[in-house]
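Undergrad: After the structure tokens below, expect a handful of questions from me.
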Amino acid sequence: MGSTRIVVAVCLLLLATGLGLTIKWFGLPVSPPPNEADHTIRGSLLRSLWWIALGCSAGLASGILVVGAGGRLAMRLLAVTGGAEVQGLRTEADEVIGEITVGGTIGFVIFVGVFGATMMGLVYVAIQRWLPGGRATGLYYGLVLLIAFGTRLDPLRADNEDFDLVGPAWLSLLLFGALALAQGAAVAAFAGRWSRTQPLLTKPRAIPRYLPMLPVILFIPVAAILVLVVAVTTVWNIVKERIGWQARWSVLVGRVALGIVLVIAIPGFVSAIADIAGRSP
């Protein structure tokens, strides 16, 4: 019981810190990388690394402070509201309901908060120009995460048997829906703030700002994808400069593509939400 209280207290502190910083930096737009006028291969490569590092930093911080800590607290609350009859049963992840251990929490934060959320940070910097502008950009992104990924990956998968154990269903939907919106807002806030101070990787003193890239670089499949993205981006930047491609067209194409993805995802999202809403311990 003592360790449970400590873990809960630490998670509360982390979540409060994450939400506090999100509110402080809420609505800050992402500033472009330095030296945008450099259209050489070297300049394009440096900017690509800049974007990747920014996305990893924002995703990693929001993942630990919001998704990791907030997700663990949500699971604890749902275990309590599930009733005495489910205490001691095992979840889909083979965790014991009613127990919140240090090891289990660290594992959850690393798997979900570090790897999962870092990827969401990369997705944000990739599509942030296509989202509706204004102070609510982060909330829009959270909604995109919820609709496109929330019911297919986590936390609102309809085939997750935990929803038959913990609950009630309305509380599960409320908590995880709010967590997705908070994650989107946090990623946007951190990316907006740190884009103003993120240097290009031209001097050794800039290396610490690029260390958040390590979790994804060490994961070979993701690293391979990033290398491909950097190569394509570098070539595209050179080509678009020569053909005079206008930025407004890329924004329009991106928004149309994002809209198509959401239209395709909405039916599955609605179906999963309805399925979970009809289940209760």
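The values are calculated or read from the model by the stated rules, or taken from the named source; none is laboratory data. Because the structure is predicted, anything quoted here is derived from the model rather than measured. Positions of Cβ are backbone-derived with ideal geometry, glycine not excepted, and every protein chain shown enters the neighbour counts.
Undergrad: What's the number of the only condition in (1) part of a helix (DSSP H, G or I); (2) among the charged types (D, E, K, R); (3) under 27 Å from Glu85 (Cα atoms) that Arg205 fails to meet?
TA: Evaluating Arg205 over (1) part of a helix (DSSP H, G or I); (2) among the charged types (D, E, K, R); (3) under 27 Å from Glu85 (Cα atoms) leaves (3) as the failure.
Undergrad: Do we have any residue at all in the range 21-34 that's farther than 22 Å from Gly133 by Cβ, under 17 Å from the mean Cα position of the chain (by Cα) and at pLDDT 85 or above?
TA: no
Undergrad: Could you identify the single residue in Ala61, Ala126 that is of a type in the set (Gly, Ala, Ser), at pLDDT below 90 and within 30 Å of Lys203 (Cβ to Cβ)? Break it down into steps so the answer makes sense when it comes.
TA: Working: Ala61 fails: at pLDDT below 90.
Being of a type in the set (Gly, Ala, Ser), at pLDDT below 90 and within 30 Å of Lys203 (Cβ to Cβ) holds for just one of Ala61, Ala126, which is Ala126.
Undergrad: Looking at the range 9-42 only, could you name the residues that are among the acidic types (Asp, Glu) and surrounded by fewer than 12 Cβ atoms within 10 Å (Cβ to Cβ)?
TA: Within the range 9-42, the first condition is being among the acidic types (Asp, Glu), and the residues that meet it are 36, 38.
Passing the criteria: only Glu36.
Undergrad: Still on this structure: Given the residues Gly43, Gly20, Gly27, which is the only one that is small (Gly, Ala, Ser) and not in a helix (DSSP H, G or I)? Working first, answer last.
TA: Numbers: Gly43 fails: not in a helix (DSSP H, G or I); Gly20 fails: not in a helix (DSSP H, G or I).
Only one candidate passes the filter, namely Gly27.
Undergrad: Please tell me if Ser62 is of a type in the set (S, T, N, Q), under 21 Å from Leu179 (Cα atoms) and assigned to a helix (DSSP H, G or I). Show your work before the answer.
TA: On the way: of a type in the set (S, T, N, Q): yes; under 21 Å from Leu179 (Cα atoms): yes; assigned to a helix (DSSP H, G or I): yes.
Yes, satisfied.
Undergrad: How many residues are over 19 Å from Val125 (Cβ atoms) and assigned to a helix (DSSP H, G or I) if we restrict to the range 158-201? Explain how you work it out, then say what you get.
TA: Initially, the range 158-201 is screened for residues over 19 Å from Val125 (Cβ atoms), giving 158-179.
Pick out the ones that are also assigned to a helix (DSSP H, G or I) and you get 161-164, 169-179.
Summing the residues that are over 19 Å from Val125 (Cβ atoms) and assigned to a helix (DSSP H, G or I) in the range 158-201 gives 15.
Undergrad: Are any of the residues in the range 122-129 farther than 19 Å from Arg255 by Cβ and among the β-branched types (Val, Ile, Thr)?
TA: no
Undergrad: Additional query: Taking Arg209, is it more than 18 Å from the chain's Cα centre (by Cα), surrounded by 15 or more Cβ atoms within 10 Å (Cβ to Cβ) and at pLDDT 90 or above? Don't jump to the end; show me each part of the working.
TA: Values: more than 18 Å from the chain's Cα centre (by Cα): yes; surrounded by 15 or more Cβ atoms within 10 Å (Cβ to Cβ): yes; at pLDDT 90 or above: yes.
It is true that Arg209 is more than 18 Å from the chain's Cα centre (by Cα), surrounded by 15 or more Cβ atoms within 10 Å (Cβ to Cβ) and at pLDDT 90 or above.
Undergrad: May I pose another question? In the range 129-155, which residue that is within 18 Å of Gly71 (Cα to Cα) and among the small types (Gly, Ala, Ser) is modelled with the highest pLDDT?
TA: Gly142
Undergrad: Further question on the same structure: Can you tell me which residue is modelled with the lowest pLDDT among those in the range 244-255 that are surrounded by 11 or more Cβ atoms within 10 Å (Cβ to Cβ) and farther than 19 Å from Leu145 by Cβ?
TA: Residues of the range 244-255 that are surrounded by 11 or more Cβ atoms within 10 Å (Cβ to Cβ), as a first pass: 245, 250-255.
Narrowing the set further to residues that are farther than 19 Å from Leu145 by Cβ leaves 245, 250-253.
Details: Trp245: 52, Ser250: 72, Val251: 78, Leu252: 80, Val253: 80.
Applying the filter and picking the extreme gives Trp245.
Undergrad: Another question, if that's okay. With Ala169, Ala186, Ala180, Ala191 as the choices, which residue is of a type outside the set (Ser, Thr, Tyr), closer than 29 Å to Val263 by Cβ and at pLDDT below 90? Working first, answer last.
TA: Values: Ala186 fails: at pLDDT below 90; Ala180 fails: at pLDDT below 90; Ala191 fails: at pLDDT below 90.
Just one listed residue meets the conditions, Ala169.
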